[in-house]
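The numbers here are math on the coordinates, done by the rules we state, and not lab data. As the structure is a computational prediction, the values presented were derived from the model and not from experiment. Ideal geometry is used to build each Cβ from the backbone, glycine not excepted, and the neighbour counts take in all protein chains shown.
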């Protein structure tokens, strides 16, 4: 068994094993209880997040949850450090193994106003300075719209689906079994890892990025290592399909005096589009490092065909069909 697979199985066991003394907070759309059981579930995910403490888990039943019932575009789901948030429950389970996150679709949605992106939440999910004990698993994250005209790296223009901020303290959550669907931002349409001056290196396991868009860079994912920072996430069994941007239709890695060199294992890049360069990947070092490590990855029908934008540090068993 390879070191990569050993690490993966260790993470799977970590995600599956409950901690002694932990509290489970139950959330079900339309409920109005205290969160102590499915029968008395909370109806408000924000309230559950506010109550959770390190080591707690939040179990969320199928349904759609928005950061606010009003029209405050700055509202987002702020995930506390050390808390596990799990979607995909039917609302009857007594063990996390019993859930089916593919069947029991659980949406975290930025659709808070009229049915268009213009008045949606800037970011659906935010993490700031969280450790790898912070887990989000089994959600569809959709409808974020970070189209602000604020400076580069600011959350109001970055990471419509998820803004992971490690600029002050390292922010390295585990994100698993999540789908990022139809999010928008100027940079990093679905997920923006802000490691500027710090570190933002999450682990993503079995995640999907579909139809996300950035006006500028990184249609699905932007890894930012500016100001001697680090953004070196690890991705396993992830799929990027139908994402669009100016540079880096699916992923943009920006060194900017630091490091933006993710490790990708068994990932797929399919039918992503960049209007300028790098349909699948665009690596921009700018006095830093932007050299991803790819193993057993597949690139299919990405546009444009500009292989100079794809310069991995090392690679193994890359399958490329048509355009990179």
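Alpha carbon centre of the stretch 144-207 versus the stretch 51-103: separation in Å? With the stretch 144-207 and the stretch 51-103 each reduced to a Cα centre, they are spaced 19 Å. Protection proxy ranking for 176-186, 97-107, using the average of other Cβ atoms within 10 Å per residue and placing the highest first: 176-186, 97-107.
Between the beta carbons of residue 119 and residue 168, assuming R0 = 25 Å, the FRET efficiency works out to 0.30 to the nearest 0.05.
Rounded to two decimals, what is the ratio between the C-alpha radius of gyration of the stretch 154-209 and 2.2 N^0.38 Å?
Relative to the rule-of-thumb radius for its length, the stretch 154-209 sits at 1.08.
What does the extension gain come out to for residue 228 and residue 103, with contour length at 0.36 nm per residue minus their alpha carbon separation? Present the calculation step by step, with values, prior to reporting the outcome.
Values: separation 125, 0.36 × 125 = 45.00 nm, distance 4.28 nm.
Gain on extension, residue 228 to residue 103, equals 40.7 nm.
The Rg/Rh ratio of the stretch 171-274, with Rg taken over Cα atoms and Rh as the Kirkwood radius over Cα pairs, comes to 0.95. Highest mobility in the GNM of the chain, judged by mean-square fluctuation with C-alpha springs under 10 Å and restricted to 159, 195, 113, is found for 113. Compute the Cα gyration tensor for the stretch 75-234, then decide on rounded, prolate or oblate, letting a ≥ b ≥ c be the square roots of its eigenvalues: rounded whenever a/c is under 1.5, prolate when a/b is larger than b/c in the other cases, and oblate in all that remain. Cα axes put the stretch 75-234 in the oblate bin. A straight chain from residue 71 to residue 152 at 0.36 nm per residue would run longer than the Cα-Cα distance by 26.7 nm. Between residue 51 and residue 78, the simple label model (points 7 Å from Cα in the Cβ direction) yields a spacing of 1.9 nm. Restricting the calculation to Cα atoms, the chain shows an Rg/Rh of 0.96 when the hydrodynamic-style radius is the Kirkwood one.
If you take the square roots of the eigenvalues of the alpha-carbon gyration tensor of the stretch 249-289 and sort them as a ≥ b ≥ c, do you get rounded (a/c under 1.5), prolate (a/b over b/c) or oblate? Mind showing how you got there, number by number?
Working: a/c = 4.61, a/b = 1.42, b/c = 3.24.
Because a/c hits 1.5 or more and a/b fails to exceed b/c, the stretch 249-289 counts as oblate.
Annotation: the antiparallel percentage among DSSP beta bridges lying fully within the stretch 53-321 is about 0.
Between the Cα long axis of helix 3-16 and the first principal axis of the chain there is an angle of about 20°, rounded to the nearest 10. The length gained on full extension between residue 296 and residue 37, counted as 0.36 nm times the residue separation minus their Cα-Cα distance, comes to 89.0 nm. Distance between the pseudo-spin-label points of residue 131 and residue 44 (7 Å out from Cα toward the beta carbon): 2.9 nm.
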